[in-house]
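The values are calculated or read from the model by the stated rules, or taken from the named source; none is laboratory data. These figures come from a predicted structure and were not determined experimentally. Quick reminder, even Gly has a Cβ in these numbers, built from the backbone with ideal geometry, and neighbours come from all protein chains shown. We work out accessible area using only protein heavy atoms, side chains counted, and drop any ligands, DNA or RNA first. Shrake-Rupley method; radii C 1.70, N 1.55, O 1.52, S 1.80 Å.
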Amino acid sequence: MKLVAALALLLCAVPAAAQRLVEKVDPFIGTDGTGHTFPGPSLPFGMVQPGPDNAETGWEYTSGYQLRAPKIIGFSQTRASGSGIPELGDVLLMPSAARRADLASSKANEVARPGYYAVTLPDNGVRVELTSGLRTAFHRYVFARGGRVWVLVDLQHGLTFRADRQPVLASDTRVTRDGVEGVQRRSNWTTRTIAFSLAFDRPIAATIDLPPRPGDAAKRYLLGFDLAQGQALQAKVGLSTVDVAGARRNRESLAGWNFAATRVAAAAAWESLLARATITAPPAQQRIFYTALYHAFLHPSVISDVDGRWRGPDGQVRTAARGLRYSTLSLWDTFRAAHPLYTLLVPERVNDFVQTLLDHAEATGRLPMWTIWGGETGTMIGEPAMPVIADAWAKGFRGFDGRRALAAMVRTGLEDNRVRAADDVALSSWAQYARYGYFPFDLAGGESVSRTLEAGIHDDATARMAAMLGDREVAARFAQRAEAWRALMDPETRLARGRDGKGGWRTPFDPLTPTSPLNNPGDYTEANAWQYSWTPALFDPPGLNAAMGGPRDFRAMLDRFFFDLPPTKGAEYLGQEAMIGQYAHGNEPSHHIAWLYALTDRPWTGQQLVRRIATEFYRDDPRGIIGNDDCGQMSAWYVFATLGFYPLEPASGRYVLGAPLVSRARLRLAGGRRLEIMGGGGAYAPDAVLNGRRLGGAVSHAALARGGTLRFLAAPVPANTGVGAAP
């Protein structure tokens, strides 16, 4: 009880306005439809995410859960929030008052709060409650009757993207007096090692080995327990990438069996973090905002054990000399807004994020693309770790070796990436890139335009990093390479268009047809020419402005993109959802485009579009995220939109200004500093003033991090301005 009292005092110490923040988070937002979030508990950036699974395969169930699914098949301990491919779903538990092999149950009375989830399983006669520590899942089951009760321990279960795939390659498990321990080798999206230590607070009275599925190396058990009427059964699961001893230590790091204290501690951890960004807004808007903050802070996930050990992408065990190591790095998505948000609101984690990237490069020879549970998936394109590193250095983070970082960036940009290659075609064939000055569509093996444009993102990041470190030769080399996108700008359409190895343009050329390597191969990655042609603005906005004909034509191209072109129909699987014209907010290549109006003579159009996107595509209901949240990127976009500024050039260390969606916001920054944000209250904000200094449309991270008052100016939208967006 001393721990409960101490935690209660901790909550009381939080300012009154912040005490209710966890109550303003609705974890069910995004759980119905394409958001792919989950309602189960997790600590901020936690290793474990216990929660309900409705299925173990299928694109809809990448997190294991859909609100509308009628039945729960069990409660696994790990998952990714909002991802586009299913993975994890380790160590599934399912309680029942009756001895049955099939324990799937209907559900009732679901409750979800940060750090807590509960549901009644009418078919099984049990009430399930879940909470968690940083590395340990905590379950509590209350049965409708006493006597012999049962828990299914399914070690075959896993979230997979193919119904015929059995993810367990090898499994070594044993039943102990009070639980099950073991280690498995699994292969699905990546190949990984998962060790676990499961313990109950009561001894096992009976064990039944269930027959395995054909070809599956793992086991399933029915464990029996004898309970008096009204007694609860509790379980804790510690996990590790290393070994059973590490999983056991992780489990034991959550001492005792006080479920209530663990739940209070989880709520306190979230309360403290959510309080770093508070807003004045109507209740529904507050729920959307604080839920977005919550989702943005679920990942990356801690991957190192309590003793600092972790298994790297090469299968070798390492020990972090200091700090934490992370995985579930959806970098192609999160480099755009989520990682810039971390530099502002959780700066204490940024150095360890970068150290994780550098350790990965040390293990494999290149920086990661998309990692989960320590393993590389090779998913998406480009080298999205590079802008994350360059942005951190530009913003003054020095908890990692800059020279080591630059060396990893240069090597990654010079050595071919064959991590996803099934044949002789590599994701990044730099000799080919150097010979032609772009990736030719007849030689590159698909996604040639997108890969060329995204090469500019990481080449520019490398050039910026080298320049900051004083390496002029490397800076000049990669700055020149970052110009490659220009070779694909078709002067006729002013769009990025594929070229072959002889320099000929892709013919016929349909700029509205989206392509994807999984189901509609072509020159673009989950997008079309109109959507991807704005990519150079992520690192060279003036250059793209000029390539599209100069300021007047640049704005006209934006107007046409948003207001003259029809939305793509029937291609949601290609990221064509949450659309305004050809703008597709459901996928990341579009996320920065509305902010480009800040660089034109009609910035109010962009501000009205940002407000429209935030209003139409983020809602206070389970379908409130349209498009995969992608480990917090969709949510991070909403947070920046609410605050009124955005990292248009993610590696630059600065933000472009828009207009806040609230009248007042407050950020708690490093060193106890505060940033007060005052909305202008007008139809649009022509500029902002920071501590008495007019900003001129942009602001540096360093200036914001010093704190003070950021006041947005107010003005009416000028009359007779032609094309525009309704608020």
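For Arg619, state whether it is among the basic types (Lys, Arg), within 20 Å of Leu596 (Cβ to Cβ) and within 27 Å of the chain's Cα centre (by Cα).
Working: among the basic types (Lys, Arg): yes; within 20 Å of Leu596 (Cβ to Cβ): no; within 27 Å of the chain's Cα centre (by Cα): yes.
No, not satisfied.
Would you confirm whether or not region 318-337 contains a residue that is modelled with pLDDT of 95 or more, over 18 Å from Leu134 (Cβ atoms) and open to solvent by 20 Å² or more (accessible area, probe 1.4 Å)?
Checked region 318-337: at least one residue is modelled with pLDDT of 95 or more, over 18 Å from Leu134 (Cβ atoms) and open to solvent by 20 Å² or more (accessible area, probe 1.4 Å).
Name the residues in region 599-612 that are surrounded by 22 or more Cβ atoms within 10 Å (Cβ to Cβ) and among the aliphatic types (A, V, I, L, M), would you?
Leu609, Val610
Test Tyr573 against the criterion of being buried (at least 17 other Cβ atoms within 10 Å of the Cβ), in contact (Cβ under 8 Å) with a residue 12 or more places away in the chain and of a type outside the set (Gly, Ala, Ser), and give yes or no. Let's see the steps before the verdict.
Numbers: buried (at least 17 other Cβ atoms within 10 Å of the Cβ): no; in contact (Cβ under 8 Å) with a residue 12 or more places away in the chain: yes; of a type outside the set (Gly, Ala, Ser): yes.
Judged against the criteria, Tyr573 is not a match.
To keep it simple, each residue is scored yes or no on (1) aliphatic (A, V, I, L, M); (2) touching a Pro at 6+ places or on another chain (Cβ under 8 Å).
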{"position": "Gly586", "(1), (2)": "no, no"}
{"position": "His591", "(1), (2)": "no, no"}
{"position": "Leu596", "(1), (2)": "yes, yes"}
{"position": "Thr600", "(1), (2)": "no, yes"}
{"position": "Pro603", "(1), (2)": "no, yes"}
{"position": "Asp621", "(1), (2)": "no, no"}
{"position": "Asp629", "(1), (2)": "no, no"}
{"position": "Pro647", "(1), (2)": "no, yes"}
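Select from region 251-267 the residues that are in contact with a strand residue (DSSP E or B) (Cβ under 8 Å, 6 or more places away or on another chain) and surrounded by 18 or more Cβ atoms within 10 Å (Cβ to Cβ) and write down the one among them that is nearest to Arg185 (Cα to Cα).
First, pick out the residues of region 251-267 that are in contact with a strand residue (DSSP E or B) (Cβ under 8 Å, 6 or more places away or on another chain): 251-254, 257, 259, 262-263, 266-267.
Still in the list and also surrounded by 18 or more Cβ atoms within 10 Å (Cβ to Cβ): 251, 254, 259, 262-263, 266-267.
On the way: Arg251: 20, Leu254: 25, Phe259: 31, Thr262: 30, Arg263: 31, Ala266: 30, Ala267: 33 Å.
Applying the filter and picking the extreme gives Arg251.
So, Arg309, is that one of a type in the set (D, E, K, R), under 29 Å from Tyr655 (Cβ atoms) and either open to solvent by 10 Å² or more (accessible area, probe 1.4 Å) or free of Cβ contacts under 8 Å to residues at least 24 places away in the same chain (or both) or not? It would help to see each step written out before you state the result.
On the way: of a type in the set (D, E, K, R): yes; under 29 Å from Tyr655 (Cβ atoms): no; either open to solvent by 10 Å² or more (accessible area, probe 1.4 Å) or free of Cβ contacts under 8 Å to residues at least 24 places away in the same chain (or both): yes.
So Arg309 does not fit the description; no.
Just give me the residues in region 84-108 being assigned to a strand (DSSP E or B) and aliphatic (A, V, I, L, M), in sequence order. Before you say what the answer is, go through the steps one by one.
Within region 84-108, the subset assigned to a strand (DSSP E or B) is 92-96, 105-106, 108.
Matches in region 84-108: Leu92, Leu93, Met94, Ala108.
Of all residues in region 231-250 being among the small types (Gly, Ala, Ser) and under 30 Å from Arg145 (Cα atoms), which is surrounded by the most Cβ atoms within 10 Å (Cβ to Cβ)? Show your work before the answer.
Looking only at region 231-250, we keep the residues that are among the small types (Gly, Ala, Ser), and these are 232, 235, 238, 240, 245-247.
Going one step further and asking which of them are under 30 Å from Arg145 (Cα atoms), we end up with 232, 235, 238.
Working: Ala232: 16, Ala235: 26, Gly238: 29.
Ranking the qualifying residues of region 231-250, first place goes to Gly238.
Results for (1) at pLDDT 95 or above; (2) open to solvent by less than 10 Å² (accessible area, probe 1.4 Å); (3) out of contact with any Phe, Trp or Tyr (no Cβ under 6 Å at 6 or more places or on another chain), shown as yes or no for each residue.
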residue	(1), (2), (3)
Ser42	yes, yes, yes
Phe45	yes, yes, yes
Gln49	yes, yes, yes
Asn54	yes, no, no
Phe75	yes, yes, yes
Thr78	yes, yes, yes
Gly82	yes, yes, yes
Pro86	yes, yes, no
Asp90	yes, yes, yes
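Report whether or not Ala455 is more than 24 Å from the chain's Cα centre (by Cα) and not in a strand (DSSP E or B).
Details: more than 24 Å from the chain's Cα centre (by Cα): no; not in a strand (DSSP E or B): yes.
No, not satisfied.
Looking at Arg251, is it modelled with pLDDT of 95 or more, touching a Lys or Arg at 6+ places or on another chain (Cβ under 8 Å) and closer than 30 Å to Arg611 by Cα? Walk me through it before giving the result.
Numbers: modelled with pLDDT of 95 or more: yes; touching a Lys or Arg at 6+ places or on another chain (Cβ under 8 Å): yes; closer than 30 Å to Arg611 by Cα: no.
No, not satisfied.
Here are Ala444, Ala455, Ala421: which of them is open to solvent by less than 10 Å² (accessible area, probe 1.4 Å), under 21 Å from Thr525 (Cα atoms) and at pLDDT below 95? Break it down stepwise before answering.
Working: Ala455 fails: at pLDDT below 95; Ala421 fails: open to solvent by less than 10 Å² (accessible area, probe 1.4 Å).
Answer to the check: Ala444.
Could you identify the single residue in Phe28, Phe38 that is modelled with pLDDT of 95 or more and either more than 23 Å from the chain's Cα centre (by Cα) or open to solvent by 10 Å² or more (accessible area, probe 1.4 Å) (or both)?
Phe28
Of all residues in region 126-145, count the ones that are open to solvent by less than 20 Å² (accessible area, probe 1.4 Å) and not β-branched (Val, Ile, Thr). Even if it seems obvious, please write down each step before you answer.
The initial filter retains those residues of region 126-145 that are open to solvent by less than 20 Å² (accessible area, probe 1.4 Å), namely 126, 128, 130-133, 136-139, 141, 143.
Still in the list and also not β-branched (Val, Ile, Thr): 130, 132-133, 137-139, 141, 143.
Result for region 126-145: 8.
Can you tell me which residue among Arg611, Arg654 is closer than 28 Å to Ala467 by Cβ, among the basic types (Lys, Arg) and touching a residue at least 40 places away in the same chain (Cβ under 8 Å)? Steps first, please.
On the way: Arg611 fails: closer than 28 Å to Ala467 by Cβ.
Testing whether each residue is closer than 28 Å to Ala467 by Cβ, among the basic types (Lys, Arg) and touching a residue at least 40 places away in the same chain (Cβ under 8 Å) leaves just Arg654.
Check whether at least one residue in region 293-301 is closer than 19 Å to Ile85 by Cα, open to solvent by less than 10 Å² (accessible area, probe 1.4 Å) and either among the charged types (D, E, K, R) or in a helix (DSSP H, G or I) (or both), and report yes or no.
yes
Quick one: how many residues across region 97-149 are of a type in the set (Phe, Trp, Tyr) and in contact with a Leu (Cβ under 6 Å, 6 or more places away or on another chain)?
Applying the first criterion (of a type in the set (Phe, Trp, Tyr)) to region 97-149 yields 116-117, 138, 141, 143.
If we keep only those that are in contact with a Leu (Cβ under 6 Å, 6 or more places away or on another chain) too, we end up with 117, 141.
The number of residues fulfilling the criteria is 2.
Would a scan of region 245-268 turn up a residue that is more than 22 Å from Arg140 (Cβ to Cβ) and either of a type in the set (Ser, Thr, Tyr) or not in a helix (DSSP H, G or I) (or both)? Step through it out loud before you land on a result.
Taking region 245-268 as the starting set, the residues that turn out to be more than 22 Å from Arg140 (Cβ to Cβ) are 245-246, 249.
Imposing the further condition that a residue be either of a type in the set (Ser, Thr, Tyr) or not in a helix (DSSP H, G or I) (or both) reduces the set to none.
No, there is no match, as no residue in region 245-268 is more than 22 Å from Arg140 (Cβ to Cβ) and either of a type in the set (Ser, Thr, Tyr) or not in a helix (DSSP H, G or I) (or both).
Within region 56-73, how many residues are open to solvent by less than 10 Å² (accessible area, probe 1.4 Å) and part of a strand (DSSP E or B)?
Qualifying residue count for the region: 1.
Give all pairs with beta carbons closer than 8 Å in which a residue from region 436-449 that is within 13 Å of Asn417 (Cβ to Cβ) meets a residue that is of a type in the set (S, T, N, Q) and part of a loop (DSSP other than H, G, I, E, B); count only pairs at least 6 apart in sequence or on separate chains.
Matching pairs, first to second residue: Phe439/Ser429; Ala444/Ser429; Glu447/Thr525.
How many of the residues in region 425-452 are within 14 Å of Thr412 (Cα to Cα), hydrophobic (A, V, I, L, M, F, W, C) and not in a loop (DSSP other than H, G, I, E, B)?
Selection size over region 425-452: 2.
Out of region 576-594, which residues are surrounded by fewer than 24 Cβ atoms within 10 Å (Cβ to Cβ) and among the acidic types (Asp, Glu)?
Glu577
For region 484-516, name all the residues that are touching an Asp or Glu at 6+ places or on another chain (Cβ under 8 Å) and open to solvent by 60 Å² or more (accessible area, probe 1.4 Å).
Those that are touching an Asp or Glu at 6+ places or on another chain (Cβ under 8 Å) and open to solvent by 60 Å² or more (accessible area, probe 1.4 Å): Arg494, Trp505, Arg506.
Would a scan of region 619-632 turn up a residue that is crowded, with 24+ Cβ neighbours inside 10 Å, closer than 17 Å to Ala556 by Cα and either touching a residue at least 60 places away in the same chain (Cβ under 8 Å) or in contact with a helix residue (DSSP H, G or I) (Cβ under 8 Å, 6 or more places away or on another chain) (or both)?
Scanning region 619-632 turns up no residue that is crowded, with 24+ Cβ neighbours inside 10 Å, closer than 17 Å to Ala556 by Cα and either touching a residue at least 60 places away in the same chain (Cβ under 8 Å) or in contact with a helix residue (DSSP H, G or I) (Cβ under 8 Å, 6 or more places away or on another chain) (or both).
Could you count how many residues in region 478-512 are under 26 Å from Asn545 (Cβ atoms), of a type outside the set (D, E, K, R) and in contact (Cβ under 8 Å) with a residue 40 or more places away in the chain?
Narrowing region 478-512 to residues under 26 Å from Asn545 (Cβ atoms): 478-499, 503, 505-506, 509-512.
In the following step, the residues that additionally are of a type outside the set (D, E, K, R) were identified as 478-480, 482, 484-485, 487-489, 491, 493, 495-496, 498, 503, 505, 509, 511-512.
From what is left, the residues that are in contact (Cβ under 8 Å) with a residue 40 or more places away in the chain are 478, 482, 484-485, 487-489, 496, 498, 512.
The number of residues fulfilling the criteria is 10.
In the list Asp178, Asp172, Asp201, Asp216, which residue meets the criterion of being at pLDDT below 95 and either among the charged types (D, E, K, R) or under 20 Å from Asp305 (Cα atoms) (or both)?
Values: Asp178 fails: at pLDDT below 95; Asp172 fails: at pLDDT below 95; Asp201 fails: at pLDDT below 95.
The match here is Asp216.
Considering region 109-130 alone, what residues qualify as being under 19 Å from Leu239 (Cβ atoms) and either part of a loop (DSSP other than H, G, I, E, B) or of a type in the set (Ser, Thr, Tyr) (or both)?
Those that are under 19 Å from Leu239 (Cβ atoms) and either part of a loop (DSSP other than H, G, I, E, B) or of a type in the set (Ser, Thr, Tyr) (or both): Gly115, Tyr117.
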